[in-house]
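Chemist: Handing you a structure now.
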Amino acid sequence: MKRVSYDRKSGLGAAAAFVLGVALAAAPGAVQAQTCSGTGSPVLPARAFADVVVSYAPVVINDDPRVQFRDPQTALGPDDYAGDAQCANGCKSVSLGSGGVLTLRFADNVLRGDGTASCDLWIYEVGGNVEATFVDISKDGQTWYSVGETSGYTKGIDIDAYGFGPQDQFAYVRITDDLNQGSSSGYSDGADIDAVAAVTSVETCSITSVTPAARVRAGDVVTILGSGFAAGTTVLFGATPASAVTIVSSQEVRATVPTQSLQGSNSITLTIPGGLPCTLPGAVVGTLRQSWGSLKSLYR
Ligand SMILES: [Ca+2]
Ligand SMILES: [Ca+2]
Ligand SMILES: [Ca+2]
């Protein structure tokens, strides 16, 4: 939000704010409607929202945006901005400054196209003014694809319109404030991001570490840390199912190395029910030797 221009949400109820938001979208200088629109921001499951801050590079001029508006963690999880543009009760959004950049990642879900012109991606830009951002998406955090410009929180982005579809899975969203739109000063200068959601979302998981990773033997129990794990998650060592799996939490799974030999480097693949698998290549290096426990079970 920038000081000059409108004061869209302060002191207004959500319904009034929505009506004003629509009116402002057609105001001179405002960004025109995107390729899809909803009736205000959609109600989505918590898992659909962005999970991790990859990077945050605000443009700060004369201490604007102020430091309390520069916490990128406020852009994670479900939208929770309720009209407190001054952050009297703590900031619920992060301000980019003019030309600033915020990159987020989905860790327990991915963004896909849905094969129709319906909205697939939603940026919840909030605060006292409607401000525009350029939006790019990426599968790997390296190669980026522009999916246009958006503003406010009353319309979404249809990624099918950019040539993508259900076969494409994106884990990264990069939001760049349009420095040619809006003014360029104020305590929360630049676009203010409350949340980012994959409207067309498929659940998955991610693996951050496996221990032990070396000299793993049949019968050993390895601890897999990551996110998005759920009841019923299956585990593969290479192509071989784990002989036992314990779901400790959404961030920890313990799996028993299968009896078959696991010589050399092996990937670990987890699959949650109804979701897409997540794989860590070269996660464990096995040896032919079996653990004492598994040998005992063989000769029992
Ligand atoms: Ca998520
Ligand atoms: Ca779509
Ligand atoms: Ca928020």
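Chemist: Can you give me the C-alpha center-to-center distance between segment 53-76 and segment 144-169, rounded to a whole angstrom?
Modeler: If you average the Cα positions of each part, the centres end up 24 Å apart.
Chemist: Would you list Cys205, Cys87 from fewest to most Cβ contacts within 10 Å?
Modeler: Working: Cys205 26, Cys87 18.
By the 10 Å Cβ count, ascending, the order reads Cys87, Cys205.
Chemist: Here is a further query. Determine the sum of side-chain charges near Arg112: Lys and Arg each +1, Asp and Glu each -1, restricted to other residues whose C-beta is under 10 angstrom from that of Arg112.
Modeler: Once positives and negatives cancel, what remains is -4.
Chemist: Using the 10 angstrom Cβ neighbour count as an exposure proxy, how do Asp80, Asp220 rank, fewest first?
Modeler: Values: Asp80 12, Asp220 19.
Lowest to highest Cβ neighbour count: Asp80, Asp220.
Chemist: How long is the gain from Val52 to Asn89 if the chain were fully straight, where each residue apart is worth 0.36 nm and the alpha carbon distance is subtracted?
Modeler: Between Val52 and Asn89, full extension yields 11.0 nm more.
Chemist: What would the Debye formula give as log10 I(q)/I(0) at q = 0.22, 0.24, 0.25 Å⁻¹ for the alpha-carbon point model of segment 206-299, no solvent?
Modeler: -1.03, -1.20, -1.28
Chemist: When the Kirkwood radius is taken over all Cα pairs of segment 37-160, what Stokes-Einstein diffusion coefficient follows at 20 °C and 1.002 mPa s, in µm²/s? Provide the component values of the computation, followed by the final result.
Modeler: Working: Rh = 15.3 Å.
Translational D for this selection: 140 µm²/s.
Bear in mind these aren't lab numbers, they're just calculated from the coordinates by the rules spelled out. If you're wondering where the values come from, they're calculated on a predicted model, not measured in any experiment. Ideal geometry is used to build each Cβ from the backbone, glycine not excepted, and the neighbour counts take in all protein chains shown.
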